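Chemist: To start, I am sharing the structure in question, which I have written as structure tokens.
The values are calculated or read from the model by the stated rules, or taken from the named source; none is laboratory data. Keep in mind it's a predicted model, so treat the numbers as computed, not measured. Cβ sites come from the backbone with ideal geometry, for glycine too, and all protein chains shown count toward neighbours. Note: areas computed on protein heavy atoms with side chains; ligands, DNA, RNA excluded. Shrake-Rupley method; radii C 1.70, N 1.55, O 1.52, S 1.80 Å.
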Amino acid sequence: MSQKSVTFKGGIHPPHFKKMTENVPIERAEEPSLVIIPMQQHIGAPCEPIVKPGDKVKVGQKIGEAKAFVSAPIHSSIAGTVKKVAESNTPTGKAVCVFIESDGTNEVCESVQPKGDLENISKEEIISIIKEAGITGMGGAGFPTHVKLSPPPDKTIDYVVLNGAECEPYLTADHRLMLEHPEKVVFGLKVLMKAVGVTKGFIGIENNKPDAIETMNKAVSSESNIEVVVLQTKYPQGDEKRLINAATGRKVPNGGLPMDVGVVVNNVGTAAAICDVFKTGMPLIERIATITGSAIAKPRNLIIKVGTPFKDIINQCGGYKEEVGKIIMGGPMMGLAQFTDEIPTIKGTSGILVLDKEDATLPEPQACIRCGKCVNICPVNLQPLIISKLSLKGMYDEAEKFNATSCIECGSCSYICPSKRPLLQAIRVAKKEIIAKRRARG
Amino acid sequence: MEKLLIGSSSPHLRSNETIQSIMLDVLIALLPATIAGVYFFRFNAVKLIVLAIASAVATEYIIQKLTKKPVTIRDLSAVVTGLLLAFNIPASAPWWIPVIGSAFAIAIVKQAFGGLGHNFMNPALGARAMLLASWPVIMTNWVTPGPDAVSTATPLAIMKGAEATNEALPSLTNMFIGNIGGCIGETSAALLILGGLYLLYKKVINWRIPVVYIGTVAVLTFILDGGFTGMSYHLFAGGLMIGAFYMATDYASSPVTPKGQLIFAFGCGLLTSIIRLYGGYPEGVSYSILLMNVATPIIDKFTSPKVFGEVKRNG
Ligand code: SF4
Ligand code: SF4
């Protein structure tokens with residue numbers, strides 16, 4: 001089948017760095033002896049721990065209750081005893097965590113039951129099953145999935161788009177997932193389509209993964225209402241709004257949400273997790289992540305239980321082969337740099353990227369030469385040179401006029417700048433100030 | 001981990017492109033035309049090019065030392081300015097012309113306004129305009145290519161009949177390869193285009209300014225000055241190619257917005273055609289670009305790109 005590659009306007013072509021792991025099959029990480037499970041792993045309200053030290057827990061047992069709508073419950077990834085409930089470092093900052101010591105039995109909680117035939121489950125039930133299973137976006141941002149599936153009644157949804165672009169350099173977890181478990185992705189997509197009552201689903205994949213495109217094409221060959229969309233390899237192709245634009249031609253309004261144009265976007269990993277929930281009943285307690293980078297001895301794609309410390313995982317990848325310059329959760333463009341490796345894996349850990357000193361050292365910024373490249377490539381059509389300049393001068397009201405808050409923080413501008421200016425860093429400051437001011441105004 | 005790592009803000013990846021690599025690409029692009037200039041105008045060209053570059057770099061170094069700013073001569077931007085200025089003077093000029101010109105370009109046009117990125121006009125063009133105003137005879141004393149270097153008129157001057165001359169127009173082929181009277185670097189259209197294509201390929205410049213600038217001149221001169229032949233002379237004679245590919249694309253003095261670049265380039269083309277066809281002066285490229293340089297901040301201001309998915313401007 002020949003498929004035309006679609007894309008969006010703007011964007012950059014960073015080196016892929018995917019060779020190290022793209023042909024390495026997914027393996028299971030070793031069973032952790034201790035997990036540290038944060039009660040905040042998603043965007044939204046943190047969970048309340050419902051276990052206390054000394055409690056016995058089983059695999060898949062709920063240990064954190066979501067009290068708000070924009071929140072998702074949290075489950076134990078192992079069987080064992082709760083050691084303590086205390087604040088600890090997590091990849092996204094300090095949070096209350098439940099420390100569980102494994103008893104080695106991996107006994108599964110009674111509540112974990114297959115959900116039966118999809119035919120016999122209603123929309124509402126699907127959404128509540130997804131919510132109860134603690135499913136959150138697995139592409140990185142970690143937005144609770146059931147919220148996306150519950151549009152206000154005045155919005156009609158026409159399409160579900162699955163994001164298999166994996167446009168971040170280095171990461172190959174989604175790529176491997178599509179190659180090894182295409183059926184899970186397709187089943188998850190069908191669940192999602194039923195949940196929002198649509199008859200058309202897309203799976204977007206960048207054309208640097210021809211094997212994944214072929215596999216997914218095969219997997220959907222008997223599904224008349226699911227289409228694989230081949231995307232041009234370009235960063236940030238996997239950004240929601242860029243993806244919708246490429247796949248459906250629709251443009252999400254500035255400041256709007258995908259549902260405003262009748263689209264729901266989910267990551268392929270999220271779809272596979274949803275498949276697991278319906279087939280086995282197991283809530284989201286583990287995920288696939290790519291462990292890679294210049295300082296990792298043996299880069300791998302691993303299934304990791306939530307709560308497993310980074311350090312343990314890195315040891316299973318041969319440990320550090322060079323002095324560590326930087327540890328990043330996620331990819332190099334949008335990932336979060338970490339202060340230590342003593343932090344747990346969370347639902348949104350798509351990768352653990354460890355760079356050596358040389359890769360981690362950023363060049364000294366020079367004066368802006370007004371080359372216009374940042375303007376040319378910004379996928380949102382902003383003028384990063386102007387917004388960052390205004391931000392550095394503290395002129396946040398002016399920055400707001402230049403639409404600073406529309407920045408999707410993709411980092412393309414900082415990447416491309418020949419003067420190596422930390423553009424996004426300055427724009428983030430402006431965004432924060434503007435939003436704080438808006439809140440203050442009420 | 002005993003020692004805490006540094007948690008810097010994303011992205012954690014930077015492109016390999018630097019100011020220095022960009023300037024090096026410009027120099028590479030200008031190399032064929034430089035060699036042609038040396039071939040056509042012999043030792044005079046070598047002398048003037050070396051002096052212009054040396055003066056530009058020395059001026060930058062001295063000023064940055066005096067003002068206690070970091071010395072940035074290694075970014076090669078002064079070398080580019082010096083070379084471009086040399087391209088814009090006739091091969092018969094005395095040694096002090098490039099020295100004064102480069103010093104002016106760097107000291108006044110570039111550094112006095114805050115250095116690279118802050119110059120509101122192209123330094124080499126600013127210096128050329130100054131030289132032309134101060135020493136008009138020297139700056140228009142064109143010589144024929146080759147060892148004899150007798151005085152001649154430029155093709156555009158012949159076309160215009162601006163100078164009392166009974167010379168015939170050179171053939172289009174000679175003009176295309178650069179075997180004609182003119183400034184050191186502006187004569188060989190073919191090699192300048194070649195270098196321009198290299199810059200486009202390396203993404204140092206984008207297509208908007210050169211294509212729209214040259215296109216505008218092509219259309220206007222085709223209609224207003226003798227159809228295809230007239231148009232060809234206007235395109236390949238004089239400073240259009242060097243102006244469109246290397247001067248008008250100067251980062252600091254041209255707009256950063258895509259729409260602004262289109263307007264800027266159209267303005268350059270329009271002014272160049274008007275000056276050449278109706279003005280009292282056979283060349284028009286330098287002044288057109290300089291005028292549009294001055295308009296750049298305004299153009300940028302009114303051409304802010306429409307934000308992705310923006311429904312109503314500032315709504
Ligand atoms: S301004 Fe924001 S959206 Fe635009 S390139 Fe920079 S980070 Fe991306
Ligand atoms: S990319 Fe960098 S140097 Fe170029 S205009 Fe933007 S901020 Fe200035």
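Chemist: Can you name every residue in the stretch A:255-297 that is among the β-branched types (Val, Ile, Thr), open to solvent by 10 Å² or more (accessible area, probe 1.4 Å) and within 20 Å of A:Ile408 (Cβ to Cβ)?
Modeler: Matches in the stretch A:255-297: A:Val261 only.
Chemist: Checking B:Ile275 against (1) touching a Phe, Trp or Tyr at 6+ places or on another chain (Cβ under 7 Å); (2) surrounded by fewer than 24 Cβ atoms within 10 Å (Cβ to Cβ); (3) within 16 Å of A:Val375 (Cβ to Cβ), only one condition comes out false. Which one?
Modeler: If we test B:Ile275 against (1) touching a Phe, Trp or Tyr at 6+ places or on another chain (Cβ under 7 Å); (2) surrounded by fewer than 24 Cβ atoms within 10 Å (Cβ to Cβ); (3) within 16 Å of A:Val375 (Cβ to Cβ), just (3) comes out false.
Chemist: Looking for whichever is within 14 Å of chain A (Cβ to nearest Cβ) and either within 16 Å of ligand 2 (Cβ to nearest atom) or not in a loop (DSSP other than H, G, I, E, B) (or both) here; the options are B:Leu30, B:Leu4, B:Leu24. Which one fits?
Modeler: B:Leu24
Chemist: If you don't mind, there's one more thing I want to ask. When you look at B:Ser288, is it of a type in the set (Gly, Ala, Ser) and closer than 21 Å to A:Cys371 by Cα, yes or no?
Modeler: Values: of a type in the set (Gly, Ala, Ser): yes; closer than 21 Å to A:Cys371 by Cα: yes.
Answer is yes for this residue.
Chemist: Then there's this: Any residue at all in the stretch A:237-247 that's farther than 25 Å from A:Met333 by Cα and over 17 Å from the mean Cα position of the chain (by Cα)?
Modeler: No, the stretch A:237-247 has no match at all.
Chemist: From the list A:Ile43, A:Ile36, A:Ile50, which one is out of contact with any Ser or Thr (no Cβ under 7 Å at 6 or more places or on another chain) and either surrounded by fewer than 17 Cβ atoms within 10 Å (Cβ to Cβ) or modelled with pLDDT of 95 or more (or both)?
Modeler: A:Ile50
Chemist: Which number in (1) within 10 Å of ligand 1 (Cβ to nearest atom); (2) more than 26 Å from A:Gly238 (Cα to Cα) marks the one condition that A:Ile408 misses?
Modeler: (2)
Chemist: How many of the residues making up the stretch B:92-104 are under 17 Å from B:Pro136 (Cβ atoms) and not in a helix (DSSP H, G or I)?
Modeler: Result for the stretch B:92-104: 3.
Chemist: Just name the residue that is nearest to the other protein chains (Cβ to nearest Cβ) out of those in the stretch A:317-348 that are surrounded by fewer than 18 Cβ atoms within 10 Å (Cβ to Cβ) and among the charged types (D, E, K, R).
Modeler: Checking each candidate, the answer is A:Glu342.
Chemist: What do you reckon, is B:Leu51 open to solvent by 30 Å² or more (accessible area, probe 1.4 Å) and either touching a residue at least 40 places away in the same chain (Cβ under 8 Å) or within 14 Å of chain A (Cβ to nearest Cβ) (or both)?
Modeler: So B:Leu51 passes the test.
Chemist: Just checking, which of A:Ile427, A:Ile387, A:Ile416 is within 9 Å of chain B (Cβ to nearest Cβ), within 10 Å of ligand 1 (Cβ to nearest atom) and hydrophobic (A, V, I, L, M, F, W, C)?
Modeler: Values: A:Ile427 fails: within 9 Å of chain B (Cβ to nearest Cβ); A:Ile387 fails: within 9 Å of chain B (Cβ to nearest Cβ).
From the options A:Ile427, A:Ile387, A:Ile416, the qualifying one is A:Ile416.
Chemist: Still on this structure, I have one more. Out of A:Glu48, A:Glu27, which single residue is of a type in the set (Asp, Glu) and under 18 Å from A:Ala289 (Cβ atoms)?
Modeler: The unique qualifying residue is A:Glu27.
Chemist: Here is a further query. When residues of the stretch A:390-413 are filtered for being within 11 Å of chain B (Cβ to nearest Cβ), more than 18 Å from A:Ile12 (Cα to Cα) and open to solvent by less than 10 Å² (accessible area, probe 1.4 Å), how many remain?
Modeler: 1
Chemist: Among strands (runs of 3 or more DSSP E) lying entirely in the stretch A:61-166, which contain 2 or more residues that are charged (D, E, K, R)?
Modeler: Fully inside the stretch A:61-166 and qualifying: A:62-65, A:80-90, A:93-102.
Chemist: Just to be sure, is A:Asp356 within 10 Å of chain B (Cβ to nearest Cβ) and either farther than 22 Å from B:Asp250 by Cβ or open to solvent by less than 10 Å² (accessible area, probe 1.4 Å) (or both)?
Modeler: no
Chemist: Turning to a different aspect of this structure: Give the stretch A:363-380 a look and list any residue that's open to solvent by 40 Å² or more (accessible area, probe 1.4 Å), more than 6 Å from ligand 2 (Cβ to nearest atom) and facing another protein chain (nearest Cβ under 7 Å), or say none.
Modeler: Correct list: A:Pro363, A:Gln366, A:Ala367, A:Asn376.
Chemist: Kindly indicate whether any position in the stretch B:243-255 is in contact (Cβ under 8 Å) with a residue 40 or more places away in the chain, within 20 Å of A:Cys368 (Cα to Cα), within 14 Å of another protein chain (Cβ to nearest Cβ) and surrounded by fewer than 21 Cβ atoms within 10 Å (Cβ to Cβ).
Modeler: No, that holds for no residue.
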